[in-house]
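Worksheet: one structure, shown below.
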Amino acid sequence: VVCGLGDTGTALATALHAAGIPVVALERIASGGVTTCRERGVLTHVGDGREPDVLRLLRIERARFLVAVAGDDGTNAEIVARTRALLAGRENSPLTCLLHLQDLGLYRLMREVELAGDEPGCVRLECFNLLERAAAVLLDEQPFPERGAAAGVPHVLVVGVGRLGHSLIAHAARRWNTEAGRPRVTAIDAEASGRVARLLAMQPAVSKRFEVAPLLLDPADAQFTSGRFLAEIESETPVDAVYVCLPDDGAALAAALALRAAFGGRSVPIAVRT
């Protein structure tokens, strides 16, 4: 059962159906996701997953998995809570509830609850955050360089310190071999100072492994698009890799192309979120 047919829920429901896995999709109101799922043959209902009668209609007692991917953390948590109450006393294998949480702080707190294993036997809770997963996959495909071009530790540029940029830096720090030194990470964002401070407060281990320097600069500004800022940040060590983590596809591609031009003939890998 997939609750929530935004981009994530629609992609998940249609992929499960295409793979031959029985799936029922639910959305609170008629939407583009409902239309897409129905066009592709997915059994789809319109209703509120927080209502016990709706969950009964979906035959939740026969499901193996419930995925809560509504756009709001509170709604997702309430869907799971209603499901747990409805299935109290379930004697067969527990229902696995996959709870999506956008707020990284809440996600980490809920992960602690999940690992504690206190949920009733009728339900098994697993929390996930798409951007946490995305950051890990991105680093699998494009890891931080092990050494800098100018010898010594690398210098990495992260453009956009929203949730994905935050997760990317934290994941990279956890993976970094501390014996290799302390890399320099320049974090560019229109709100760089506050966002980097929040990152280091939430993930104090990052500052022990990385030297994270915020650069207050909007990637849409002429100073960025012209590449003039590079001379200052590369005064000591050149940039060895770039991760563009802006949430808007057009802005991300524009930033990547501007950096590519600014690097001239240098071969600097640039990973772009789309």
Would you tally the residues in segment 177-194 being modelled with pLDDT of 95 or more and more than 23 Å from LEU259 (Cβ to Cβ)?
1
Helices (runs of 4 or more DSSP H) wholly inside segment 1-81 containing at least 1 residues that are touching a helix residue (DSSP H, G or I) at 6+ places or on another chain (Cβ under 7 Å) and closer than 18 Å to ARG124 by Cα:
52-57
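Just to be sure, is ALA136 buried (at least 22 other Cβ atoms within 10 Å of the Cβ), in a helix (DSSP H, G or I) and at negative phi?
Working: buried (at least 22 other Cβ atoms within 10 Å of the Cβ): no; in a helix (DSSP H, G or I): yes; at negative phi: yes.
It is false that ALA136 is buried (at least 22 other Cβ atoms within 10 Å of the Cβ), in a helix (DSSP H, G or I) and at negative phi.
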Every residue from segment 225-244 that is at pLDDT below 95 and not in a loop (DSSP other than H, G, I, E, B)
THR225, LEU230, ALA231, GLU232, ILE233
Flag for ALA77 being surrounded by fewer than 16 Cβ atoms within 10 Å (Cβ to Cβ), over 16 Å from the mean Cα position of the chain (by Cα), of a type in the set (Gly, Ala, Ser) and modelled with pLDDT under 90
no
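Could you tell me whether any residue of segment 12-20 is among the β-branched types (Val, Ile, Thr) and out of contact with any Cys (no Cβ under 7 Å at 6 or more places or on another chain)? Before you say what the answer is, go through the steps one by one.
The initial filter retains those residues of segment 12-20 that are among the β-branched types (Val, Ile, Thr), namely 14.
Checking the rest, the ones that are also out of contact with any Cys (no Cβ under 7 Å at 6 or more places or on another chain) come to none.
No.
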Scope segment 204-216; condition outside any strand (DSSP E or B) and open to solvent by 30 Å² or more (accessible area, probe 1.4 Å); matching residues:
PRO204, ALA205, SER207, LYS208, ARG209
Give me the residue from segment 245-262 that is in contact with a strand residue (DSSP E or B) (Cβ under 7 Å, 6 or more places away or on another chain) and not in a helix (DSSP H, G or I) and, out of that set, surrounded by the most Cβ atoms within 10 Å (Cβ to Cβ).
CYS245
Take the residues in segment 170-196 that are touching a helix residue (DSSP H, G or I) at 6+ places or on another chain (Cβ under 8 Å) and charged (D, E, K, R), then tell me which one is nearest to GLY148 (Cα to Cα).
ARG182
From the set of residues in segment 217-244 that are within 19 Å of GLN142 (Cβ to Cβ) and among the β-branched types (Val, Ile, Thr), which is surrounded by the most Cβ atoms within 10 Å (Cβ to Cβ)?
VAL244
For segment 26-55, pairs from a residue that is in contact (Cβ under 8 Å) with a residue 24 or more places away in the chain to a residue that is basic (Lys, Arg), with Cβ under 8 Å and 6 or more apart or across chains, are THR44/ARG38; GLY49/ARG28; GLY49/ARG82; ARG50/ARG82; GLU51/ARG82; PRO52/ARG82; LEU55/ARG82
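The values are calculated or read from the model by the stated rules, or taken from the named source; none is laboratory data. Please read these numbers as outputs of a predicted model, since none were measured by experiment. Every residue, glycine among them, receives a Cβ derived from its backbone with ideal geometry; neighbour counts consider all protein chains shown. Only protein heavy atoms, including side chains, enter the accessible area calculation; ligands, DNA and RNA are left aside. Shrake-Rupley method; radii C 1.70, N 1.55, O 1.52, S 1.80 Å.
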